[in-house]
Amino acid sequence: HDTARAIYTYGGGKDDVLQPTKADFDYDLGKARLKMAAVFELGYPGMPTIYYGDEAGEFGSKDPDCRRTFPWGHEDKELQSFYKKAIAVRNDHKDVFARGSLKTLKAEGSIYAYERKSKGGQTGIVALNNGKAATVTIPVTAPNGTVFKDQLSGKKATVKNNQLTLTLAEHQSLMMLD
């Protein structure tokens with residue numbers, strides 16, 4: 001609120017540009033980072049908050065440009081679809097992603113991963129890569145042989161030697177469940 005829009009900031013937009021266009025920042029980079037921020041927020045404890053229009057690709061510089069109207073008829077449909085899917089994952093698995101315990105599994109370089117565990121024992125892992133594509137090994141508490149499935153992409157990974165090995169694309173985020 002009263003600050004530059006997230007997608008604009010994440011895409012390298014500058015506050016000194018009044019009423020920017022997509023030519024004034026890297027929209028695709030901003031969008032990729034906004035998706036990661038959404039996954040982080042939707043998987044983390046607390047009540048997620050989405051500023052109107054962010055889910056539709058609304059951008060803008062500092063106040064008052066950040067208060068543009070909703071982009072009716074010009075929404076980023078792919079971004080809206082992503083938000084709907086990520087919100088549905090949280091809503092369908094509230095015991096894990098809204099109320100589960102929290103444990104940081106990895107915070108190294110551009111990789112951050114955390115675990116959410118429900119009282120019933122279901123485990124969720126949120127993994128974020130804010131850098132170049134990488135294969136990462138994440139220590140986990142789930143037993144060997146446990147298969148985790150990313151609820152956003154369908155990608156699967158199996159626990160081996162108390163670790164999960166994930167290949168993360170550049171600026172990718174995962175919301176995995178066992």
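Summary table
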quantity: Candidate set: the range 161-178, residues that are in a loop (DSSP other than H, G, I, E, B) and in contact (Cβ under 8 Å) with a residue 24 or more places away in the chain; chosen: the one nearest to K85 (Cα to Cα); calculated: Q172
quantity: Lone unmet requirement of (1) in a strand (DSSP E or B); (2) open to solvent by 40 Å² or more (accessible area, probe 1.4 Å); (3) hydrophobic (A, V, I, L, M, F, W, C) for I87; calculated: (1)
quantity: Residue match in the range 59-74 (condition: within 30 Å of R116 (Cβ to Cβ), open to solvent by 30 Å² or more (accessible area, probe 1.4 Å) and in contact with a helix residue (DSSP H, G or I) (Cβ under 9 Å, 6 or more places away or on another chain)); calculated: no
quantity: Filter pass, A32 being open to solvent by less than 80 Å² (accessible area, probe 1.4 Å), assigned to a loop (DSSP other than H, G, I, E, B) and either at pLDDT 90 or above or among the aliphatic types (A, V, I, L, M) (or both); calculated: no
quantity: Yes/no for D15 being open to solvent by less than 70 Å² (accessible area, probe 1.4 Å), of a type in the set (D, E) and touching a residue at least 40 places away in the same chain (Cβ under 8 Å); calculated: no
quantity: Looking only at the range 139-160, and only at residues there that are over 20 Å from P45 (Cβ atoms), part of a loop (DSSP other than H, G, I, E, B) and among the hydroxyl-bearing types (S, T, Y), the one that is least open to solvent (accessible area, probe 1.4 Å); calculated: T146
quantity: Leading residue by the ranking (nearest to S110 (Cα to Cα)) among those in the range 124-137 that are out of contact with any helix residue (DSSP H, G or I) (no Cβ under 7 Å at 6 or more places or on another chain) and surrounded by fewer than 21 Cβ atoms within 10 Å (Cβ to Cβ); calculated: G131
quantity: Of all residues making up the range 113-138, the number that are within 18 Å of L177 (Cβ to Cβ) and not in a loop (DSSP other than H, G, I, E, B); calculated: 12
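The values are calculated or read from the model by the stated rules, or taken from the named source; none is laboratory data. In this text, all values refer to a predicted model and were calculated from it rather than measured experimentally. Backbone-built Cβ (ideal geometry, glycine too); neighbour counts: all protein chains shown. Side chains are part of the model used for accessible areas, which takes the heavy atoms of the whole protein and leaves out ligands, DNA and RNA. Shrake-Rupley method; radii C 1.70, N 1.55, O 1.52, S 1.80 Å.
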